[in-house]
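The values are calculated or read from the model by the stated rules, or taken from the named source; none is laboratory data. Fair warning: this is a prediction, and the values are worked out from it, not measured in the lab. As a convention, Cβ positions derive from the backbone with ideal geometry for all residues, glycine included, and neighbour counts pool all protein chains shown.
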Amino acid sequence: MTASLAGCGKYSQSEIDLRDQGIEQMDAGNYEEAITLFDQALAKSIGKVTDLEIDINYYKAAAQFSAGSFDDAVKTYTYLIKYDGDNYEAYFLRGSIYATEGEIGEAITDYDAAVAIDEKNYLLYIQI
């Protein structure tokens, strides 16, 4: 699938390669290295926010969270809400960080937004 993404001209192959390397580093538990690779991948972007940049940012936020950089993860999820606001996941994941940090009001606001986007997703209700 990766080759087909690069072949359409919409994505930079080096951006895809750096994303894949970042995922490998995440899988190995090297979260700081993964974040660096995701940042390098995003720097290769062709100046337009595409599905690839959104995908990389979801991975980046997960790596930031796993590294204990909660504030950075919140910032990345906030960015994702701006560009992927119709997807409940960014709200849910940011809300989960807020809940972990004891910021219950912010967590409830994000969980409410997630449910409003995907109100028939019963797994979402269970996760909350």
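Which members of the stretch 43-66 meet the condition of being surrounded by fewer than 21 Cβ atoms within 10 Å (Cβ to Cβ), over 16 Å from K82 (Cα atoms) and in contact with an Asp or Glu (Cβ under 6 Å, 6 or more places away or on another chain)?
K44, S45
Which members of the stretch 107-128 meet the condition of being under 21 Å from Y79 (Cβ atoms) and assigned to a helix (DSSP H, G or I)?
Listed by number, the residues that qualify are A107, T109, D110, Y111, D112, A113, A114, A116, I117.
Provide a single number: the residues in the stretch 58-110 that are polar (S, T, N, Q), within 22 Å of K48 (Cα to Cα) and modelled with pLDDT of 95 or more.
So the answer is 2.
Can you go through T100, T109, T50, T76 and tell me which one is within 29 Å of D20 (Cα to Cα), hydroxyl-bearing (S, T, Y) and not assigned by TED's automatic domain parsing to the domain that holds E32?
T100
Across the stretch 67-106, which residue is surrounded by the fewest Cβ atoms within 10 Å (Cβ to Cβ) among those that are part of a helix (DSSP H, G or I) and over 14 Å from the mean Cα position of the chain (by Cα)?
G105
For the stretch 21-51, give me the residue count where each residue is in contact with a helix residue (DSSP H, G or I) (Cβ under 8 Å, 6 or more places away or on another chain), farther than 23 Å from F70 by Cα and either of a type in the set (S, T, Y) or assigned to a helix (DSSP H, G or I) (or both).
Total satisfying the criteria: 1.
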